[in-house]
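Presented below is the structure to which this report refers.
The values are calculated or read from the model by the stated rules, or taken from the named source; none is laboratory data. These numbers were taken from a predicted model, which means no experiment stands behind them. Cβ sites come from the backbone with ideal geometry, for glycine too, and all protein chains shown count toward neighbours. Keep in mind that these areas ignore ligands, DNA and RNA; they rest on the heavy atoms of the full protein, side chains included. Shrake-Rupley method; radii C 1.70, N 1.55, O 1.52, S 1.80 Å.
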Amino acid sequence: MDSVLDPRSNSEPYERKQVLSYSWIIFMIFVSLNSASGFETDRNYVLHAKHKYSHRSKMLPVVVNTWPFTNATAKAWETVYDKKGTALDAVEKGCTACEEEQCDGTVGYGGSPDENGETTLDAMIMDGTTMNMGAVAALRRIKKAISVARHVLHYTDHSMLAGSQATEFAVRMGFKEESLQTEISRDMWRKWKGQNCQPNFWMNVSPDPRNNCGPYTPNPTTSVASKATNNVFDDKNHDTIGMVVIDRDGHIAAGTSTNGAKHKIPGRVGDSPIAGAGAYADGSVGGAAATGDGDVMMRFLPSFVAVEEMRRGSTPQKAAEAAIHRIIPHYPNFSGAVVTIHKDGEYAAACHGMDKFRYSVCNPTLGEVTVHSVPCLKTK
């Protein structure tokens, strides 16, 4: 069952309707002139073109966002619809809203402390028209990760900057350097230390990571099967807000922002800032974003796979399912989801490792931020 939040009017502005009317009048004049000049006009083709144009206008612009982060979706929608901003603008504004609200504690400052108690951030933004991108990984002491990623896109020839050097870049670009820790994140870290550092991400080391904190050293005699108790990825512990936006002009952008996995080994980077893993956009096809166990999902580039499936003719639903099915045989217990949008505005999602997955959407037909729920695929 879908639920509706943040009601808005779904009627298009008068000026927008006027432009569409003029465009259709010009198109019909062109057809008439061609017909008068001796060119045979296929009436069925004209009617099909009119229907397709009308359908597309009702589907675009569109915002799709992993998880029911409705305020982030509303901010992106306000940017791309009310303010007639670009897809890139909407992705940045939407992800920024989640960074500021610390969505589910998995985005922005004050969440997911690593083994040293520090919060670091990953983010990326991709332009589906130019196929350019900007990303930051393991960003320290800067709150506005998605905006720093956009500065990488606009002001450098690089695709990604990482760690303390990414912080230095951000400071040069005018961003404020400040602690990303909060009392909540410090308390989370203290409790984890008090539980013998459980759960953690270590394996094949000494002392036994299943009931000891480090420091650890390699133990080649330890079986892979004795892996420490791992973090459980779910709706409160996952990699990312992932967002895909198509603006009025059909331009597509995708972006992500996250503070990563709780109690990660310092320096760990997940799928979020990696093009094709955390998100992907191709203006000739569509876009996709992924969320969940980033260490697993990045090995399969699910966002890229989903877009390529749409390129081959798959519907957004089948494309999302194909990306998830690519992972299941290798990691039958993984938890994650993929959202997809075709360039014409059709969207869908697929998931695994949960009972259901909720994501938020807005377009002119819906007229308001709407939360959809899909049942997850089962391991065969």
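Filter the range 310-365 for residues that are surrounded by 22 or more Cβ atoms within 10 Å (Cβ to Cβ) and hydroxyl-bearing (Ser, Thr, Tyr); which is farthest from Ala277 (Cα to Cα)? The residue in question is Ser360.
Matching residues to (1) outside any strand (DSSP E or B); (2) within 15 Å of the chain's Cα centre (by Cα):
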residue: Arg268; (1), (2): yes, no
residue: Ala290; (1), (2): no, yes
residue: Val305; (1), (2): yes, yes
residue: Lys318; (1), (2): yes, no
residue: His330; (1), (2): yes, no
residue: Val339; (1), (2): no, yes
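Among residues that are touching a residue at least 40 places away in the same chain (Cβ under 8 Å) and of a type outside the set (D, E, K, R), Gly313 is not included.
Of the residues making up the range 318-364, those that are of a type outside the set (A, V, I, L, M, F, W, C) and within 15 Å of Val244 (Cβ to Cβ) are Thr340, His342, Lys343, Asp344, Gly345, Glu346, Tyr347, Tyr359, Ser360, Asn363. Being touching a residue at least 24 places away in the same chain (Cβ under 8 Å), open to solvent by less than 10 Å² (accessible area, probe 1.4 Å), over 30 Å from Gln198 (Cα atoms) and of a type in the set (S, T, N, Q) is the requirement here; does Thr106 meet it? It is false that Thr106 is touching a residue at least 24 places away in the same chain (Cβ under 8 Å), open to solvent by less than 10 Å² (accessible area, probe 1.4 Å), over 30 Å from Gln198 (Cα atoms) and of a type in the set (S, T, N, Q).
How about the range 35-65: which of its residues are outside any helix (DSSP H, G or I) and modelled with pLDDT under 95?
Ser37, Gly38, Phe39, Glu40, Thr41, Asp42
If we keep just the residues of the range 133-142 that are open to solvent by 10 Å² or more (accessible area, probe 1.4 Å) and touching a Leu at 6+ places or on another chain (Cβ under 7 Å), which is farthest from Cys95 (Cα to Cα)? Among those residues, the one meeting the criterion is Arg141. When you look at Arg358, is it more than 18 Å from the chain's Cα centre (by Cα) and either part of a strand (DSSP E or B) or at pLDDT 95 or above (or both), yes or no? The answer is no for Arg358.
For the range 117-125, state whether one or more residues are more than 30 Å from Tyr216 (Cα to Cα) and not hydrophobic (A, V, I, L, M, F, W, C). No, the conditions are met nowhere in the range 117-125.
Quick grid of which residues meet (1) open to solvent by less than 70 Å² (accessible area, probe 1.4 Å); (2) under 15 Å from Thr120 (Cβ atoms):
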| position | (1), (2) |
| --- | --- |
| Arg150 | yes, no |
| Tyr155 | no, no |
| Gly163 | yes, yes |
| Ala166 | yes, yes |
| Ser179 | yes, yes |
| Ser185 | yes, yes |
| Met203 | yes, no |
| Pro207 | yes, no |
